[in-house]
């Protein structure tokens, strides 16, 4: 009798293991189908890359289940009492039960959100607790059914076939994993020499959508930046600075990587860094030098983890590096080989974690689109004051040199949430982009800069820090507007003015030169520290495809995201005060002049529309985009 119970228990344990494997692959399949059927980071992957996820992503969970299987199986020998040992399969069945409950939870979320525009984040107060209660009840019900199923005689007929199928699937997964290792790209830092000087801190204090032409530091008639203006004599001022991307995602991606957005294909969500681009970036170089790196920005739009920037940051928007993957403690070469799989796994865990935290009232689930469009939502969940407080905590806890990037939203339109009003005092913000309110938002940014500088001075860090004041793009997401670029070096080094055009990727190159490092070949920008660029030097910028309207759930829909351009809507070129833009969505060229440009060229020295079109076509070809037949 005891032997019969032992055999039955072990057989049931084997069957539960098979169910666990099937559950893990089913969960992955459901998530894969969710992302593959909508614009997502999978959209511009090859079929081989995206389908490979189905086999490889479940492997960590399968491996863990395999280890537990042997532990539980060995326990049959250690616990001879059948009354106790029969509970071992009951404990083990919790694994597939929780996997299937999680899969059902996300499936329900996808269904209700897609069809009815609500999910767990739509519920506040006590109603949110319905979700965890339902998950627990469902997991208990599934566990009971799986336990009963694992003991059914049907396994004698189909068990051998299931075991064979699982074995074949795992063998194919291992073969694919070996191929991943063979194709692994690695970034080499051997050519980065140690800096010749004591390493300074680097702090980029950026704000969203700020036109230099509205700053008194750049000659605006209103006193919108009194404190920043006091820094001007001590700083290197770039009078004509332009973005390489009209939206925040690509602009900040270009700043970090030193590469054109058309090169990395990081232009607008759901774009992420791929392959070697995920490792080739300035923060990664600084980290190799011993810097502690942090980012305080917007999730999903500019967050380096969401953009799949690897080995560059220690902290991003309250999350330590590798919130999910780091807990597994995989060797670096494994994470490099399985970068796509680890990113997909992190996305799945993040989707679960965010929803469960909301359901349990740990952290409210936030719609990132509302953070950049809804003033009340932005100020309630992640105001600029919170970013600055986090920055101060980071600075105060840093023992060595630090690199920090802060992206503020105070100047982000179309309407503005203001702590202090001067120009708009006594007025109501009835329309979008009201000048008085926009100017006050710039004044509010100036006050934040003053607060940060005061904190640096109080901690004797001001003369040890390279402070960079800038913006990601112009107001109304314009790329052909001058944006600020003010660099205050320790001991007022390089103080002066640059008149000719400078672009975002040049900032990366200039920081690298200032630190005494050899610029890697993959950084496409050039340093402006020791002189002017040629006045007719072309600057290329990308813009994203036209965005659709807001859907019932309050999120922004992407109107088009498909080959060969995906998020790329067009490419422009700026030469001195002239700009030309090739809209790839309608195959039309537009042109114009930049207002208030301080180093204009004579019209005869500016490129014609035909020449500008040829320049853009060459740029597209360089980065393997097809060049359409031009319709005049």
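So here's what we get for this one:
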quantity	calculated
Potential lengthening between residue 174 and residue 627 on full extension [0.36 nm per residue; Cα-Cα distance subtracted]	159.1 nm
Between helix 94-116 and the chain: long-axis angle, C-alpha atoms, 0 to 90°, nearest 10	50
Least to most buried among 78, 98 (fewest other Cβ within 10 Å first)	78, 98
Residue order, fewest to most surrounding Cβ atoms within 10 angstrom, among 214, 420, 405, 499	420, 499, 214, 405
C-alpha long axis of helix 384-397 to longest principal axis of the chain, angle in °	80
Rounded to 10°, Cα long-axis angle of helix 130-150 versus longest principal axis of the chain	40
Percent of beta bridges antiparallel (DSSP, the chain, rounded to nearest 5)	55
Stretch gain in nm, segment residue 522-residue 386, where the contour uses 0.36 nm per residue and the Cα spacing is subtracted	45.5 nm
Estimated D of the stretch 2-182 in µm² per second, where Rh is the Kirkwood radius over Cα pairs and Stokes-Einstein applies at 37 °C, 0.692 mPa s	178
Alpha carbon centroid spacing (whole Å) that separates the stretch 594-620 from the stretch 206-256	22
Additional length obtainable on full extension of the chain from residue 447 to residue 587, 0.36 nm per residue less Cα span	46.0 nm
Residues residue 112 and residue 230, FRET efficiency given R0 of 60 Å [Cβ-Cβ distance, rounded to 0.05]	0.65
Listed peptides 29-35, 252-258 by packing density, highest first (mean Cβ within 10 Å)	252-258, 29-35
Helix-only [θ]222 nm of the chain, DSSP H runs n ≥ 4, -39500 (n - 2.57) each, per residue, nearest 500	-14000 deg cm²/dmol
Nearest-0.05 FRET efficiency for residue 476 and residue 162, computed from C-beta distance (R0 51 Å)	0.30
Structure-derived percent of Cα pairs over 50 Å apart: which label, when the choices are (1) 12; (2) 26; (3) 19	(3)
Relative contact order computed over the chain (Cα-Cα under 8 Å; 6+ residues apart), in percent	19
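Only the coordinates and a few stated rules stand behind these numbers; no lab work does. Keep in mind that this is a model prediction, so the values were computed, not measured. Heads up, the Cβs are rebuilt from the backbone with ideal geometry, glycines too, and the neighbour counts pull from every protein chain shown.
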